[in-house]
Amino acid sequence: MKTTDGIPRTDINMRIVASLPAYNEERYIGSVILKTAKYTGEIYVIDDGSNDATAELSALAGAKVLRHETNRGKGAALATVLQALRSQPPDALVFLDADGQHDPDEIPRFIAAIRQGYDLVIGARQEKKHRAPLYRRLGQRILSAGTVVASRTSVISDSECGFRAVSPRFIREIDLTEKGFAVETEMIVKAAEKGLKITDVPISTIYVKDGSTQHPLRHGLGVLGSIINMISERRPLLFFGVSGAVLFILGLIAGIRVLLAFSHTNQFAIGTALLCAVFLIVGVFSIFTGIVLNILSRNQHRNN
């Protein structure tokens with residue numbers, strides 16, 4: 001059954017839980033909880049060390065509050081609620097941001113996908129995407145591309161969207177270790193490794209000027225660094241092999257320049273020759289490192 005706007009209704013027989021990681025969100029948290037309550041039976045607010053009234057207002061609005069004494073990061077907040085629900089997982093667990101950037105009226109879209117058998121459903125910020133700042137759109141594309149490489153799955157168009165839902169299987173099988181915002185990529189990577197079904201659904205996003213607690217450049221670089229680390233761990237041959245090949249080619253180019261200069265001037269460019277040697281040695285070493293780590297990684301996966 002669908003509403004007049006085309007969004008499917010939730011199944012009243014399902015146990016649906018919502019989780020809102022929050023850090024100093026007293027301005028928005030109450031209204032987000034009340035809107036979310038229309039579609040979920042339980043709401044957990046993970047107060048990640050807030051020093052404002054986030055926890056108090058969340059409790060007054062009817063949410064269950066799980067509190068971190070210190071600010072541990074979004075990833076730690078998601079891990080906390082997964083751990084809390086692992087023994088009795090709901091039929092669907094919905095994550096959305098506490099700063100008002102996600103529309104709770106779109107929750108039924110995620111529940112419908114979970115009912116269809118998907119284990120991880122991610123919001124794709126396609127509707128009204130032209131309203132998003134240019135730097136956000138560029139950052140999303142870069143991070144999504146990195147996630148595709150790390151997870152070897154291309155079904156997700158907006159990997160960093162925090163509006164998502166997971167199945168009971170995901171809750172039981174996935175352990176999250178990333179502490180910061182890179183947890184959103186980690187969820188995709190680990191779900192793909194476990195063979196869980198992943199999809200996305202279109203959503204709209206409300207861009208709140210004071211919604212983010214981090215500088216966008218610092219945030220983006222931090223997430224990108226974590227994604228690169230995931231690629232190096234999970235696809236070492238690609239990571240070390242490509243970088244090694246690039247260095248090796250640069251070394252060859254430098255070597256050719258040395259030989260050409262010597263043939264024309266009878267003078268040996270010592271500095272360029274040393275650079276050539278360094279690039280060639282590091283390049284070859286990097287390629288062999290990728291090969292060895294790739295073999296070890298495959299053996300580890302077979303043993304698991």
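The values are calculated or read from the model by the stated rules, or taken from the named source; none is laboratory data. Predicted, not measured: the structure shown is a model, and the values here were computed from it. Here Cβ is always computed from backbone atoms with ideal geometry, including for glycine, and neighbour counts include all displayed protein chains. Protein only, heavy atoms only, side chains kept; ligands, DNA and RNA dropped before computing areas. Shrake-Rupley method; radii C 1.70, N 1.55, O 1.52, S 1.80 Å.
When the scattering of the range 220-284 is computed by the Debye formula from its Cα atoms alone, each counted once and equally, what is log10 I(q)/I(0) at q = 0.19 Å⁻¹?
The Debye formula, applied to the Cα set alone, gives -0.73.
So with the 1.4 Å probe, I'd like the accessible area per residue for the range 67-106, rounded to whole Å².
37
For the range 14-90, just run the numbers: alpha carbon Rg, then divide by 2.2 N^0.38 Å, N being how many residues it has.
Cα-based Rg divided by the globular estimate yields 1.02.
Could you work out how far apart the two model spin labels at L260 and E69 are, taking each label as a point 7 Å from the Cα in the direction of the beta carbon, and quote it in nm?
Label at L260, label at E69, 6.6 nm between them.
Multiply the residue separation of K179 and A145 by 0.36 nm, subtract the distance between their alpha-carbon atoms, and state the gained length in nm to one decimal.
10.1 nm
Could you check how much of the accessible area of the range 219-292 is carbon and sulfur, as a whole percent, using a 1.4 Å probe?
79
In whole percent, and with a 1.4 Å probe on the protein chains, what portion of the accessible area of the range 1-126 is carbon and sulfur?
47
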